[in-house]
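Q: Take this structure first; my questions come after.
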Amino acid sequence: MALLHQACEKWGFFQVENHGLEKKLMDKVKQLVNAHYEENLKESFYESEIAKGLMNKCDVDWESSFFIWHRPTSNINEIHNLSENLCQIMDEYIAQLIQLAEKLSQLMSENLGLDKDYIKETFSGARGPSVGTKVAKYPECPRPELVRGLREHTDAGGIILLLQDEHVPGLEFSNDGGWIKIPPSKNNTIFVNTGDQVEVLSNGRYKSTLHRVMAGKDGSRLSIATFYNPAGDAIISPAPKLSYPHNYTFQDYLKLYGTTKFSDKGPRFEAMKKIANEHSSHGV
């Protein structure tokens, strides 16, 4: 838990081994997604305007992707040309992955000093958290210096769990003003990063980190990124327990400080929240 806490505070991304997901199932997902790309998407990508227009540096993403919704309702059977086998295997994989996402959310909540179900309950609208998967291939690129596989961004949602290529690199995360190259995932590790809503909920303690995918000449990179997100109607705000007191007078603070100077500041901050709330409710 201490290592997880450090990863969320200092980095905003980490890898998980011994995650409990079936390795054979993960291998099957990757195999079927790669086959789907080769049979249904590869030719159309290289015939697209993006591929044909690659002559000057441009602000586009060199990727072929589609999005599957899983929770609260699924659209997997509505996606063109997905085989019945891929749909079934993907559903089995997501059911196991959601268990991992919920376990991570509990550990993160506890590490933040919150009730273990705080993140899950905050993410749950009327029908629970929202879960979806971006299935992407980053095809071989003849001029990778002209384009990104995916431009620099942070993720809008909550906890992102990535099943990625075993051989082809390209993912990079920002840290301390530079870019860290994330190696391909060996032995079916799950790569995890935290999104904007976790940063807000944690009052900035856990980071939503800028990342990108570089285009490359040597092979097509597979990326299966599942988003454990708040529901669309979930109300997001910093957890009250993690927020600093605000809208109080310094005079009130000094008055409290005089009797608590040699005590821990945490309870003092909590007391100031109550004082500020009382003043606010009385229109002070």
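The values are calculated or read from the model by the stated rules, or taken from the named source; none is laboratory data. The structure presented is a predicted model; accordingly, all values stated were derived computationally and were not measured. Ideal geometry is used to build each Cβ from the backbone, glycine not excepted, and the neighbour counts take in all protein chains shown. Note: areas computed on protein heavy atoms with side chains; ligands, DNA, RNA excluded. Shrake-Rupley method; radii C 1.70, N 1.55, O 1.52, S 1.80 Å.
Q: Please state which one of Thr260, Thr226, Thr249 is in contact with a helix residue (DSSP H, G or I) (Cβ under 6 Å, 6 or more places away or on another chain) and exposed (fewer than 14 other Cβ atoms within 10 Å of the Cβ).
A: Step by step, each of Thr260, Thr226, Thr249 is checked, and only Thr260 is in contact with a helix residue (DSSP H, G or I) (Cβ under 6 Å, 6 or more places away or on another chain) and exposed (fewer than 14 other Cβ atoms within 10 Å of the Cβ).
Q: Follow-up. Determine whether segment 171-184 contains at least one residue that is touching a strand residue (DSSP E or B) at 6+ places or on another chain (Cβ under 7 Å), small (Gly, Ala, Ser) and open to solvent by less than 20 Å² (accessible area, probe 1.4 Å).
A: Within segment 171-184 (the criterion being touching a strand residue (DSSP E or B) at 6+ places or on another chain (Cβ under 7 Å), small (Gly, Ala, Ser) and open to solvent by less than 20 Å² (accessible area, probe 1.4 Å)), the answer is no, since none of the residues qualifies.
Q: With the condition kept exactly as written, say whether any residue in segment 38-59 is open to solvent by less than 20 Å² (accessible area, probe 1.4 Å), more than 21 Å from Leu171 (Cα to Cα), at pLDDT 95 or above and not acidic (Asp, Glu).
A: The answer is no, given that none of the residues of segment 38-59 is open to solvent by less than 20 Å² (accessible area, probe 1.4 Å), more than 21 Å from Leu171 (Cα to Cα), at pLDDT 95 or above and not acidic (Asp, Glu).
Q: Could you list, in sequence order, all residues of segment 164-183 that are touching a residue at least 24 places away in the same chain (Cβ under 8 Å) and within 22 Å of Arg151 (Cβ to Cβ)?
A: Within segment 164-183, Gln164, Asp165, Val168, Pro169, Gly170, Leu171, Glu172, Phe173, Ser174, Asn175, Trp179, Ile182 qualify.
Q: Something else about it: Looking at (1) touching an Asp or Glu at 6+ places or on another chain (Cβ under 8 Å); (2) outside any loop (DSSP other than H, G, I, E, B); (3) under 25 Å from Val29 (Cβ atoms), can you tell me which one Ile180 breaks?
A: The one condition Ile180 does not meet is (3).
Q: Still on this model: Taking Lys28 as the residue in question, decide whether it is open to solvent by 30 Å² or more (accessible area, probe 1.4 Å), in a helix (DSSP H, G or I) and of a type in the set (D, E, K, R).
A: Considered against the rule, which asks whether it is open to solvent by 30 Å² or more (accessible area, probe 1.4 Å), in a helix (DSSP H, G or I) and of a type in the set (D, E, K, R), Lys28 comes out as yes.
Q: Across segment 103-121, what is the number of residues that are free of Cβ contacts under 8 Å to residues at least 40 places away in the same chain and either touching a His at 6+ places or on another chain (Cβ under 6 Å) or open to solvent by less than 70 Å² (accessible area, probe 1.4 Å) (or both)?
A: 3
Q: Also, quick follow-up: Looking at the structure I just gave you, is Gly125 open to solvent by less than 50 Å² (accessible area, probe 1.4 Å), more than 17 Å from the chain's Cα centre (by Cα) and over 29 Å from Ile76 (Cα atoms)?
A: Numbers: open to solvent by less than 50 Å² (accessible area, probe 1.4 Å): yes; more than 17 Å from the chain's Cα centre (by Cα): yes; over 29 Å from Ile76 (Cα atoms): no.
No: the conditions fail for Gly125.
Q: Would you call Ser64 closer than 18 Å to Ala234 by Cβ, open to solvent by less than 20 Å² (accessible area, probe 1.4 Å) and either more than 20 Å from the chain's Cα centre (by Cα) or at pLDDT 95 or above (or both)?
A: no
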